[in-house]
1. Given the structure, is ILE90 touching a helix residue (DSSP H, G or I) at 6+ places or on another chain (Cβ under 9 Å) and of a type outside the set (S, T, N, Q)?
2. Just to be sure, is ALA101 open to solvent by 60 Å² or more (accessible area, probe 1.4 Å) and either part of a loop (DSSP other than H, G, I, E, B) or modelled with pLDDT of 90 or more (or both)?
3. For segment 109-128, does any single residue satisfy the condition of being small (Gly, Ala, Ser), assigned to a helix (DSSP H, G or I) and modelled with pLDDT of 90 or more?
4. Which of the numbered conditions does PHE38 fail, given that it passes all the others? Conditions: (1) under 23 Å from GLY122 (Cα atoms); (2) open to solvent by 50 Å² or more (accessible area, probe 1.4 Å); (3) among the aromatic types (Phe, Trp, Tyr).
5. Pull up segment 10-35, narrow it to residues that are over 25 Å from LYS88 (Cβ atoms) and within 14 Å of the chain's Cα centre (by Cα), then point me to the one that is most open to solvent (accessible area, probe 1.4 Å).
6. If you take the residues of segment 50-89 that are of a type in the set (Val, Ile, Thr) and crowded, with 19+ Cβ neighbours inside 10 Å, which of them is farthest from SER167 (Cα to Cα)?
Amino acid sequence: MNRTIWINSTLPDACDIFSRNLRYLLHHVNPHKMPLAFACIGSANVCGDNLGPLIGTILTRHSLPNVYGTMAEPLNALTLPDYMPLLKAIEKSCCLVAVDAAIGNKAQCGYLTLTKGTLSPGSALRRELPPLGALHITGVFEHLDDYDCRKLLPVFCRQITAALICSSSSSLTPALRGMGRSCHNYHTIL
């Protein structure tokens, strides 16, 4: 069973904590330093559920390769089955990181999770979709369409994309590469 790392996104150093834990897990799931690929799952039409597509859109704007799932072309319950053959093929040559929104209770709301192992997309809605990823990231909401969701979405996006961009630094422009290992100045990325 894979252990989940829970990070409170409201902590002042949440981005650095998240980034350090992401690098730690990537070291374990990707010891041969294969290129990273990203499956950013969710619907572009529901506030909290668009966490994945928003992350995918930001990553593509920073020219990261191997990003699947954006606001324009989301990976959701309808499209994911069609993408599975491609994503499974990509997993052979890349370390696939899955990103999705999750529904939790009030105490879990506002946390980011990092888990070694596959993500089962749609499980909160009792949908049977194929698992994917060597590592997965979720942003936990109590509800996918309420005031807290609208407040948390930009926080989650900044923290997750900053950590993913820092972890993918080999494919970045020289200006972003200079950020180094820490993401304490993540606001400069977005």
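1. Working: touching a helix residue (DSSP H, G or I) at 6+ places or on another chain (Cβ under 9 Å): no; of a type outside the set (S, T, N, Q): yes.
So ILE90 does not fit the description; no.
2. Answer is no for this residue.
3. For segment 109-128, residues small (Gly, Ala, Ser), assigned to a helix (DSSP H, G or I) and modelled with pLDDT of 90 or more: absent.
4. Of everything listed in (1) under 23 Å from GLY122 (Cα atoms); (2) open to solvent by 50 Å² or more (accessible area, probe 1.4 Å); (3) among the aromatic types (Phe, Trp, Tyr), PHE38 misses just condition (2).
5. Within segment 10-35, the first condition is being over 25 Å from LYS88 (Cβ atoms), and the residues that meet it are 10-21, 23-24.
Next, from what is left, pick out any that are within 14 Å of the chain's Cα centre (by Cα): 15, 18-19, 21, 23.
Working: CYS15: 5, PHE18: 0, SER19: 2, ASN21: 40, ARG23: 69 Å².
The residue in question is ARG23.
6. Once the filter is applied, the top-ranked residue is THR70.
Yes/no per residue for (1) over 23 Å from ARG150 (Cα atoms); (2) basic (Lys, Arg); (3) in contact with a helix residue (DSSP H, G or I) (Cβ under 7 Å, 6 or more places away or on another chain):
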residue	(1), (2), (3)
TRP6	no, no, no
SER9	no, no, yes
PRO12	no, no, no
ARG20	yes, yes, no
LEU25	yes, no, no
ILE41	no, no, yes
THR57	no, no, no
PRO65	yes, no, yes
MET71	no, no, yes
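The values are calculated or read from the model by the stated rules, or taken from the named source; none is laboratory data. All of these numbers come straight from a predicted model, not from anything done at the bench. We place every Cβ from the backbone using ideal geometry, glycine too, and count neighbours over all the protein chains shown. When the accessible area is computed, the model is the full protein with side chains, heavy atoms only, and any ligands, DNA or RNA have been set aside. Shrake-Rupley method; radii C 1.70, N 1.55, O 1.52, S 1.80 Å.
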